[in-house]
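Everything on this sheet refers to the single structure shown next.
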Amino acid sequence: MLGLDEWFYNFSQFFSQHATPENLGKIPAPYTEMTVYGTFKCAELGSIIGGLVAHPIYRIYLKNKVTNETMTSNTYKIIRNKCRKLQGRFLLAGIALGPLATFAYVKATGMSTMDAKDFCYKVRCDNDCLVQDRSALVMGFVGWYWKRFQGAVDGMNIGLIYAAVHEHFLKVYTSPLLVNKVKEGDRYASVQEIENSTSRFKKFISKNENWKSLDS
């Protein structure tokens, strides 16, 4: 799946048998994974700007343009629909900008493959970031089902608000039911450590096979 199998296992937490420290650090397509992350962040930023900044400003602007002569029974409904369309366009712009912004970031920083893997590994281990992205995705889908991209903005913003509450209150004062299956103490320190460990294991197996062939 485009080299994103291990990313999906960690992001969804659906497949407990695949939730291992080794899979957590297995990153076969780091640049693709970075693009997914960048698209998430740009979409969330577009949702916030569109739904919480541009929408209310544009609504105030349109309401101030209304006069007694232009007022109709549908005026405020038309204004609301225009504002919703605007916030939906911000979300679409964020989604479109995500891959371009990621590509520009990689080129500007001269990021190597190992640097990209380390970046992705840190993202995978960032519980608060994962809650944010999961909440935005789930609630965004609910909003999209309700009113397509216009509703997706409202849903994503609700999800982001929940993520903020989770980070500053729920995880501090309560015991969240949904937690990552790979605990912090079980994780490797870096991708390099995982790859070195895997390499040593493969060498060990290879040597054993050679010994078996010599014995035979």
Could you calculate, for the stretch 12-56, the ratio of the Cα radius of gyration to the Kirkwood radius, expressed as Rg to Rh? 1.22
Translational diffusion of the chain, µm² s⁻¹ [Kirkwood Rh, Cα pairs; Stokes-Einstein; 20 °C; 1.002 mPa s]: 106
Compute the distance from the alpha-carbon center of the stretch 19-46 to that of the stretch 68-97, in whole Å. 33
Per DSSP, loop GluC sites (Glu not before Pro) in the stretch 1-37 with at most 13 further Cβ within 10 Å: none
Using helices alone, what [θ] at 222 nm do you get for the chain, with -39,500 (n - 2.57) per DSSP H run of 4 or more residues, divided over all residues and rounded to the nearest 500? -24500 deg cm²/dmol
Dimensionless Rg/Rh of the stretch 67-180 - Kirkwood Rh, Rg from C-alpha atoms: 1.13
With 32 Å as the limit, write out which pairs from 26/147; 41/82; 107/147 have Cα-Cα distances beyond it, or answer none. 26/147; 107/147
What is the Cα radius of gyration of the stretch 22-104 over 2.2 N^0.38 Å, N being its residue count? 1.60
Could you tell me how many degrees, from 0 to 90 and to the nearest 10, lie between the Cα long axis of helix 113-125 and the main elongation axis, the longest principal axis, of the Cα atoms of the chain? 70
Run the quick spin-label model on residue 71 and residue 122: label points 7 Å from Cα toward the beta carbon, then report their separation in nm to one decimal. 5.6
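No value in this document is a laboratory result; all are computed from the given coordinates. Just so we're clear, the structure is a prediction, and the values are computed from it rather than from any experiment. Quick reminder, even Gly has a Cβ in these numbers, built from the backbone with ideal geometry, and neighbours come from all protein chains shown.
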